1. So which of B:Ala519, B:Ala510, B:Ala541 ends up being closer than 25 Å to B:Leu415 by Cα, within 12 Å of chain A (Cβ to nearest Cβ) and not polar (S, T, N, Q)?
2. Residue check: is B:Ala331 assigned by TED's automatic domain parsing to the domain that holds B:Thr417, modelled with pLDDT of 95 or more, more than 17 Å from the chain's Cα centre (by Cα) and within 23 Å of A:Ile357 (Cα to Cα)?
3. Give me the residue from region B:492-507 that is in contact (Cβ under 8 Å) with a residue 60 or more places away in the chain and more than 11 Å from every other protein chain (Cβ to nearest Cβ) and, out of that set, surrounded by the fewest Cβ atoms within 10 Å (Cβ to Cβ).
4. For region B:242-261, indicate whether the set of residues that are within 17 Å of B:Ala434 (Cα to Cα), outside the structural domain of B:Arg30 (by TED's automatic domain parsing) and either more than 25 Å from the chain's Cα centre (by Cα) or not basic (Lys, Arg) (or both) is non-empty.
5. Among (1) in contact with a helix residue (DSSP H, G or I) (Cβ under 8 Å, 6 or more places away or on another chain); (2) more than 11 Å from every other protein chain (Cβ to nearest Cβ); (3) under 19 Å from B:Gly554 (Cα atoms), there is one condition B:Pro380 misses while meeting the rest; what is its number?
6. Determine whether region A:165-187 contains at least one residue that is under 24 Å from A:Ala323 (Cα atoms), touching a Leu at 6+ places or on another chain (Cβ under 6 Å) and β-branched (Val, Ile, Thr).
7. On the phi < 0 side of the Ramachandran plot, without any contact (Cβ under 8 Å) to a residue 60 or more places away in the chain and among the charged types (D, E, K, R), is that true of A:Arg311?
8. Could you tell me which of the residues A:Glu224, A:Glu281, A:Glu263 is modelled with pLDDT of 95 or more and surrounded by fewer than 15 Cβ atoms within 10 Å (Cβ to Cβ)?
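The values are calculated or read from the model by the stated rules, or taken from the named source; none is laboratory data. Since the structure is predicted, the reported quantities are computational estimates derived from the model, not experimental observations. Here the Cβ positions follow ideal geometry from the backbone for every residue, glycine too, while neighbour counts run over all protein chains shown.
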2 protein chains.
Amino acid sequence: MERWLSGIEEPADLRRVPRERLPEVARELREHLVEVGSEIGGHFAGSLGTVELCVALHFVFDTPRDRVVWDVGHQAYGHKALTGRREGLRAIKKAQGPSGFLRRAESPYDVFGAGHAGTSVSAALGMSEALRRAGRSERVVAVIGDGAATAGMAFEGLNHAGFLGTDLKVVFNDNGMSIAPNVGGLSRAASPRGYFETLGLRMLGPVDGHDLGALLVGLEALREACGPTVLHVRTRKGRGYAPAEADPFGWHATSPFAVETGERQSGGPAGAPSWTACFAEALVRVADRDPRVVAITAAMPDGTGLDVFARRHPGRVYDAGIAEQHAVTFAAGLAAEGLRPVCAIYSTFLQRAFDQIVHDVALQGFPVIFALDRAGLVGPDGPTHHGVLDLAYLRAVPGLVIAAPRDENELQHLLATAVDCGRPFALRFPRGAARGVALDPDPKPIEIGRAELLREGCDVTLVGLGKTVATAESAAERLAEAGVEATVIDARFVKPLDATTIAAAARRTAGVVTIEDHAAQGGFGSAVLECLARHAPGTPALVLGIPDEFMEHGEVAEQWRLAGIDAASVAERTRSWMGGSK
Amino acid sequence: MERWLSGIEEPADLRRVPRERLPEVARELREHLVEVGSEIGGHFAGSLGTVELCVALHFVFDTPRDRVVWDVGHQAYGHKALTGRREGLRAIKKAQGPSGFLRRAESPYDVFGAGHAGTSVSAALGMSEALRRAGRSERVVAVIGDGAATAGMAFEGLNHAGFLGTDLKVVFNDNGMSIAPNVGGLSRAASPRGYFETLGLRMLGPVDGHDLGALLVGLEALREACGPTVLHVRTRKGRGYAPAEADPFGWHATSPFAVETGERQSGGPAGAPSWTACFAEALVRVADRDPRVVAITAAMPDGTGLDVFARRHPGRVYDAGIAEQHAVTFAAGLAAEGLRPVCAIYSTFLQRAFDQIVHDVALQGFPVIFALDRAGLVGPDGPTHHGVLDLAYLRAVPGLVIAAPRDENELQHLLATAVDCGRPFALRFPRGAARGVALDPDPKPIEIGRAELLREGCDVTLVGLGKTVATAESAAERLAEAGVEATVIDARFVKPLDATTIAAAARRTAGVVTIEDHAAQGGFGSAVLECLARHAPGTPALVLGIPDEFMEHGEVAEQWRLAGIDAASVAERTRSWMGGSK
């Protein structure tokens, strides 16, 4: 029963609660998070470990005047609840609900957006410096987990903070976990003190992050400290909900569950397996017969399916931490000695390693394979997590092969192609369910740069890639009903692009429509335009992709509709364009 | 007089020199580097500090069977000299000479390429792991400077090494310098021991890196160590050449000089100022009247011209270290509090911060300005340093303005535009001399997304961007001599592109030719193709840019010729294309 929480609409209300009553606030907040999590699932388990921290931060610091900069955001649901979004959490990550991460547009208490890991120290240091320059007294606190601190940019920020000497305050939320158990030498150290102190930061603590008395005193000391200072707070992920405490990795994200038993709803209707699961299975198959194959994850063994691979091929997976830059160059080092490393990294996170892909892999021609999971629009995680820039940033890199499978059978063949060919190779596939097609008995290399003609029609050519091949096929059906006969091509490769097949189809039809689950600038459609300019000049072409904006969180299907790349929109836009271009 | 050096064609020869004679080898090697440096200039000063280290490494380790992985490469000239490239150094960075960095294709002793900083630990760890898996006994040594160690990926690699426990060997070459004096809390620490040990590495030393006896013993201890181990070596940049010792920053790179006096040749014929100098001057002017403007460099205060800015506006420059990721998010933090930060980072190095540009700047719409110096082909530094991917990786980022000035007057106006508009803004300009035009008295904002029509002709439209506007103008002259009348457009903005001006010109002429100092995939030409597909469908178009390969080091003019983007090539290719497309 809530005595305090229902009266807390903003932190000022919290600050009126008697200090000795704060443990009751924390208990109510935790119960609220468990209740909401049980109803709708999501990332609530991560936030259970920071309940006392959220209460104490907003009690000790004068938010939003003082700035609290959260890292990532999975652990900040308590913060959201205390800053006017308590009931809003029931719609978190849904189209009209709050973001799953931090977002300036959402609340004045979200002073800096988050989503990717390790950004808080840099952002907070910039804010502190700006305030110092202006002679202002507001305080800035970065809250960073030990998982996020494995990111190199967190080190860069701390190293700069120690040098500048600004009054930056850092809460080091040490729970031994990333999503999975944390990795890295720092995580094994008895204390991180030597790390922070050598970088020039003063170190306070450790304090028990679930003992509000100790935490308040620790944060007060942090508040009053001069110069860059770290408060070491030890917390337990999943704290206060027994099933999550027992398996914090398994409960990082959850489906709705029964509070009493911890029994969780199964993951939706049984249907086609996820792309991730299909990738994991394909990787196992390819690795079964090729001992050179090893795999690398940047702190997401489960999200990438490498947990499955690790069970089938123990000792052949590396978890590099949230360290995409290192992960890619480490893979290049493995490849330099004859291995065939597969870097399984979400499209959005591989952005962190763009330079290493160029400089350490492609320039040296190493056979590193990039498996870009969650390529395209990702749904509830929203704009920080969409993987809609990969073709643009990868396509200009010389020597890189870029492909996308239209179904899980093509996925296994493309993965075999990647391992076989000995070239740098990027393979993108989306979030969600694959198509449920049967797998050929063996993954077999296919010809690099060869598209597949799936349907012939004389009016217009639709070219799809990966998931949009199905869209193209479905749009072609709709167009046929309206008397428009479409050729459908599965490009399979963005680079090298099959100029022969595409240009031939362009010549046989009145125009070419490209469809991609990627930004409409510089991506697949752009590659086709370049191809047409050379090989079929004068061909009218329509590029359909994500509009030039950051798409909000929501369901993937709705995002596709908004972007106009669902089958109905593609058919309609194609007809409208054909009418206009006549 | 050389007693030993002339007989050392490979490290095996060095290993036959009596140990007590190695100081003589080092003396001869240093004299050789000074002599060659005095003749041709270049980065020799940096390598003076590692002369003993190069000798000792190749003496103690069984190279190339044991792998020595250098970081960056500016300090590895001694290594090159001892591995068959002693005389080759006289042509270093020239078209047929050795690379200025490390390069696998160049020598079996260059076991992993380098150029950008901070990669050696990750690469070496991957190599060690691969060798361990194969049960092989070769040793792997990463040699990383304290400057390069400010890069977050170096931390990521060390943290992973400490966790894995592999027998990785690291030489920490601590000279207190990056190119400029090193920054960061770690650089200020009395000892880096706490840093390395907390990450799980064993620490040996420090040893005096110019005392060969101590160095040999230290490296022997490193050779025999189990588990990840660091040898701390203290060196002095410029060591053994008095003028360079006195001013190691000034002598990081040098023009040819008189050995006796240290007098250096002036930097070439007096002509137009460099783009860097023009940028620095424009930044001073803009900052004179807008106190919100501050500037950030990632360890290159001189290369970016921010040294000039710092002299005129002390206290308004931040050197973040070789930490581009942090530098960009730090800038976002400054912008969040109302400042107008200018991140002056070479195009090639900004690749490191792509994710931060997307996630921390553009997604939040912060007015951070990116000044991408060395955009385009960079000449002698070669493929690791070309800035030919920026338009591709930036163009798909929503909300970002991307521009390039054709001369230094447009540069100052575009910089004023960037500061004025309050949006994320990328401004690219090349290496080398600007055009030498007169500057308007005041930098004034210009309309975003407005191109400029420079010449009208009815046969073909040439669209240039930045430096290629001059190419387009010159090509138009040549075409006119051949009876082809060209329209010439200075696009100025890649994003938003001036669709009106370009489409109108397309309609008035027989086709559009785009010219860019950037990859021909996904860049400026691609943007124009997208524009034409929408606004002037059916327009024949020819995209001229860098071919899809890594261009070798050499002179910029020659690289332009090879890429076919010099005026003569553009004119010829345009004529040939017009003939073919008729």
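1. On inspection, the qualifying residue turns out to be B:Ala519.
2. no
3. Only one residue fits best here, namely B:Phe493.
4. Checked against the condition, which is being within 17 Å of B:Ala434 (Cα to Cα), outside the structural domain of B:Arg30 (by TED's automatic domain parsing) and either more than 25 Å from the chain's Cα centre (by Cα) or not basic (Lys, Arg) (or both), region B:242-261 yields no hits at all.
5. The number of the failed condition is (1).
6. yes
7. In short, yes.
8. A:Glu224
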